[in-house]
Amino acid sequence: MHERAHDPSIKGRGARQELLVYGAAELADMAAGYDDIIAAHARALEERLENGSFHVAVVGEFKRGKSTLLNALLGCEVLPSGVRPVTAVGIELRYGRKRPLIVAEGGEVISLTEGSDISDYVTEQGNPRNRRKVKRVIVEVESPLLESGLVLVDTPGMGSVNLHNDAEADRQLAAADGAVLVLSTDSPMTERERQLYQFVTDRGIRTFVVMNKADHHDPGELAEVLSYVEGELERVANGPTHIWCVSARMALQAARAGKPREMAGYDWPAFYEELVRFVEHDLSAVRLDSAERRLGELIQALGERVAVEAALARLDRETRRKTLEALRKSVDVERSGWEADQVLLERGVGAIVEHARSELALFAAETPRIFSERALELSARTDRLNLAAALDDFVEEVVRASFEEKRSLVQDEASRAWDTLASEMRGRAEDRVNQVRQHASSELGVELPRVNLPALADEEERFSYHFTPIESTEEQLAAILRLALPGPLLRQLMLRRAGRRLRDHLDKHAGRAGYDLEQRLRGVSRRLARELGVAVEQAASLVSSAAEQVQAERSKAEDTLGAAMQRREVVVERLASLREALSVPRYESPLRSASGSSVDG
């Protein structure tokens, strides 16, 4: 029995977490040496629950003041900050007193000695292009903000000359439970920041948008900047977004002087309190719900494994051989069927992509003809000095408006087709999994309830338009010469040029949209095939793993057989008790119908 103090009478949110930690530890103890995979999952779940940590990534472009903001949140200067992009790797800020730990790519851990400078590992100057192969840095800080399990992750500044920083920041953000997007009043809303906000919005994680350096502007200027950024974010999120205007520099100065947070000015006190409330209430509840579901699944899996073992153990040698032979044939049939299903999935995705590309290409070819009359009207009412710019704007307007409408229609059609295909494939895999389980139930006389495979979360497509024509010296000279041409000839040349640009941009964006759609569908289909394949293999291994265990028991002395059966009975009792302690639906073990002593000699 796992030696761990447990008092189910403890009340409150902390009691629920402690109860789940206890359950995961108990399950890991029961599964140890019995089913190593279940035991490993239970131990990992116990560690996450015991840790109680929630990762919030702080992201943004370089020179936005992220490190200063983090220092202000912690109330002391922990991180290096400056005017150059400094952070080369992600830094995890946790609660504690230990010296900083440097984790290298190979897994080795370096504890910094007294007097060592963390800047030698986390700055571009000290660790250019991460030549020290640092994977992450863990810094423990005795800050009240981190006591509840919050882990703040300082990410590399994006958009600097160091492109590898962008990849590291993307990795940190993808693994985060929440995010703080740091903008600056000095240069609000770059395209990269829009993409960052789109990413966290699509993921559905809670994101705090902070407008730093509020003290750089007077109230009127700050209001203008805030209004502009709010509009930009609203277009991304299709709804209003709250922005916290702060001065991280003033907040850090207030913390250094031991002043209350209210002295930091602007929205700093409200931002700090909302971050604390989010971690202590919203995030922890969601994580505990997820852990409870996972623990229930593992308990169910171990109970089924025990039941199948017990059923096999009570059979005589010849009956067991025939039963396993029949079950292996059933598994082989479903595995072969699943291989054929994957071919159908690949063909289905190919058909969706081919149709989408064809629709986009056809639209790109037909659109210039449709808009030629509007371009002619525009040229007639525009003076020659402004004609080129007006036609360029017209081309971009046509591409953005008309192509976006068509792209959205194609995207929606492809999404519907994918949903149908994915649902069909999930149904096929689910039927194969349950066919194996049903056959095992019938052959062994145990109860293995039908399982439902969850739907795979889709990945949203994020498409952006790029209009970056780079004119050559000859083109610029030609533009000057064209101004000397007679009006009608000039307009004719400008219209031809606009038509050529329209066709080129439509072709380019049609190709990009088709490529992006294909990459998304190929990626999500690979994920679907992988996850469904795992489910099929887990169903197949349920019997094979149990058979191996029973066979190993039979090769030992006779007295071990009774001990093995007794152990299974103990595990069933402990599983039932664990279910009851966790207040989840009681698991009616199929071992009841498989009980009895072995008749195998």
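Coordinate-derived values only; no laboratory data. Not measured: the values here are computed from a predicted model. Cβ sites come from the backbone with ideal geometry, for glycine too, and all protein chains shown count toward neighbours.
Here the range 341-413 is assigned +1 on the Cβ of each Lys and Arg and -1 on the Cβ of each Asp and Glu. Its dipole about the Cα centre then comes out at about 240 debye. Taking the fewest neighbouring Cβ atoms within 10 Å as the starting point, the ordered list for ILE91, ILE37, ILE138 is ILE37, ILE138, ILE91. In the range 275-296, whose amide N lies under 20 Å from the spot 7 Å out along Cα-to-Cβ of ASN452? List them in ranges. Answer for this model: 289-296.
Once the chain from ASP332 to ASP316 is taken as fully extended at 0.36 nm per residue, the excess over their C-alpha distance is 3.3 nm. For CYS245, the residues whose modelled amide H falls within less than 5 Å of its own, excluding neighbours fewer than 5 places apart on the same chain, are MET211, ASP267. By the count of neighbouring beta-carbon atoms within 10 Å, fewest first, ILE38, ILE299 end up ordered ILE38, ILE299. Residue by residue, the range 57-69 carries 3J(HN,Hα) couplings of 8, 9, 10, x, 5, 6, 6, 9, x, 5, 5, 5, 4 Hz when phi is fed to the Karplus relation 6.51 cos²θ - 1.76 cosθ + 1.60 (θ = phi - 60°); x denotes Gly or Pro. The share of Cα pairs per 10 Å bin across the range 290-368, counted from zero up to the longest distance, runs 14, 18, 21, 20, 12, 9, 5, 1 percent.
Approximating the spin labels as points 7 Å out from Cα along Cα→Cβ, the LEU493-to-THR420 distance works out to 5.2 nm.
By other beta-carbon atoms within 10 Å, ranking TYR266, TYR228, TYR22 with the fewest at the front produces TYR228, TYR266, TYR22. The length gained on full extension between VAL343 and ALA581, counted as 0.36 nm times the residue separation minus their Cα-Cα distance, comes to 81.1 nm.
Computed extension gain for GLU569 through LYS508, at 0.36 nm per residue and net of the alpha carbon distance, reaches 15.3 nm. The charge dipole of the range 251-296, taken about the Cα centre with unit charges on the Cβ atoms of Lys, Arg (+1) and Asp, Glu (-1), comes to about 220 debye, rounded to the nearest 20.
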